[in-house]
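The values are calculated or read from the model by the stated rules, or taken from the named source; none is laboratory data. Please read all numbers here as calculations on a predicted model, not as lab measurements. Please note: Cβ atoms are built from the backbone with ideal geometry, for glycine as well, and neighbour counts cover all protein chains shown. Remember, those area values only see protein heavy atoms, side chains included, never the ligands or the DNA or RNA. Shrake-Rupley method; radii C 1.70, N 1.55, O 1.52, S 1.80 Å.
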Amino acid sequence: MPRPRPAATRPPAGRPPHRRDSRRPAERRPTTIPAQPPPHPTELFAERLVLVLSGQRPMHWVARHVAHTAFDELARLAELRPLCAGGHRPAIHRIGHYQPHPEAYEVFVRIAAGPRLHALAFRLTRGADRRWRCTAVETDPARSARVPEPRRPAPDTPKGPDTSPAPPEMT
């Protein structure tokens, strides 16, 4: 007596499994995007500080991430808007950091705003609550000290001893 074939080895109804219908799109499995590691704290703070110093975000947007005297310095710098460049949005070119100890980073950022390159430096310190806070901020000195100098008239006479002829004497 012939033995019946098991159900798993029977050919499927319809077309054979190795044939594909060219009129139908191929089955596409959804592609999964691999999980990205979270950004480094230096990158997050650099982006936040650039947005505040260019006037794109208000000061209070980073207030809880800035500690003590750095807040005062950042507020002063934010008023000057050192990264505003006549309608050009600043772009971060490079971020570098030095880690003097495991709870602190000293960060430098090179920023392009229009035709100029700017420098930004800040210090991050991890607090007792394990959160990173900015504890110092500096920008390039020429841009951050935008105090208008008083205009001096151009000198008409050469400096040095007075060599002009004496006025005629009146009698």
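For region 84-123, the residues whose amide N sits under 14 Å from a probe point set 7 Å from the Cα of Gln56 along the beta carbon direction are 84-94, 111-114. Rolling a 1.4 Å probe across all protein chains gives Tyr105 an accessible area of roughly 20 Å².
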